[in-house]
1. For segment 70-92, indicate whether the set of residues that are at pLDDT below 95, over 21 Å from residue 130 (Cα atoms) and loosely packed, with under 13 Cβ neighbours inside 10 Å is non-empty.
2. When you go through (1) touching a helix residue (DSSP H, G or I) at 6+ places or on another chain (Cβ under 6 Å); (2) modelled with pLDDT of 95 or more; (3) surrounded by fewer than 18 Cβ atoms within 10 Å (Cβ to Cβ) one by one for residue 108, which number turns out not to apply?
3. Take the residues in segment 39-54 that are crowded, with 17+ Cβ neighbours inside 10 Å and either at pLDDT below 95 or not in a helix (DSSP H, G or I) (or both), then tell me which one is nearest to the chain's Cα centre (by Cα).
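The values are calculated or read from the model by the stated rules, or taken from the named source; none is laboratory data. Everything quoted here is computed from the prediction, not taken from an experiment. Here Cβ is always computed from backbone atoms with ideal geometry, including for glycine, and neighbour counts include all displayed protein chains.
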C-alpha cells in the first residue's frame, strides 16, 4: 500500500511540475532565462527589480502570480513524495547511508515552510516592489529548499543503485 500512496504523490508531483514548467515558459526571455527560478534566486533588489521590469514589459506579471499559486499546491505534494520514496528505498540495516536516509525523510519536509516563505516573499515583491530584505530572504529559503531536494534526490538515486546492483557478499 505504501508504494501506491507514493505513486499517487509522484504522479501528482509530476502533473504539477509539468504545469509549473508550462506556466514558467511564458516567464523566460533572454533577460530572464531561468524564469521564476531566477526570480527565486535573485538575492538583490536590483536583480529582482530587473526581472519584474522585464516581466512587466512582456505583460506576464500575472502569469508569475499564477505560477506562485500553482507552486502552493506543488509545495504540499513534492516533499511528501520524496519522503515516501526515501521510506520505500531505505533499509533498516544500521548503515550510515540508511541513517542519513532517515534524517533526509524528515529534513525534506522542511521544504514546505521554506517554499511557502519564498512564495509569500516573491508574491509581496510582485505586488509591492522589490526590496533587498525580501530578495535575500527568498533567495536563502529557495537555496536551502533546492539543496534539500538535491541531496534527497541524490540519496534516492544512490539507494536505487544499491537495490539494482547489490554488492556481492564477502566471506
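1. For segment 70-92, residues at pLDDT below 95, over 21 Å from residue 130 (Cα atoms) and loosely packed, with under 13 Cβ neighbours inside 10 Å: present.
2. Every condition holds for residue 108 apart from (3).
3. 41
Residue by residue, here is whether (1) over 23 Å from residue 3 (Cβ atoms); (2) in contact with a helix residue (DSSP H, G or I) (Cβ under 9 Å, 6 or more places away or on another chain); (3) in a helix (DSSP H, G or I) holds:
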position: 91; (1), (2), (3): no, yes, no
position: 94; (1), (2), (3): yes, no, no
position: 101; (1), (2), (3): no, yes, yes
position: 114; (1), (2), (3): yes, yes, yes
position: 117; (1), (2), (3): yes, yes, yes
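Every residue, every condition in (1) surrounded by fewer than 16 Cβ atoms within 10 Å (Cβ to Cβ); (2) in a helix (DSSP H, G or I); (3) without any contact (Cβ under 8 Å) to a residue 12 or more places away in the chain, yes or no:
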position: 130; (1), (2), (3): no, no, no
position: 133; (1), (2), (3): yes, yes, yes
position: 139; (1), (2), (3): no, yes, no
position: 143; (1), (2), (3): yes, yes, no
position: 149; (1), (2), (3): no, yes, no
position: 163; (1), (2), (3): yes, yes, no
position: 166; (1), (2), (3): yes, no, yes
position: 169; (1), (2), (3): yes, no, yes
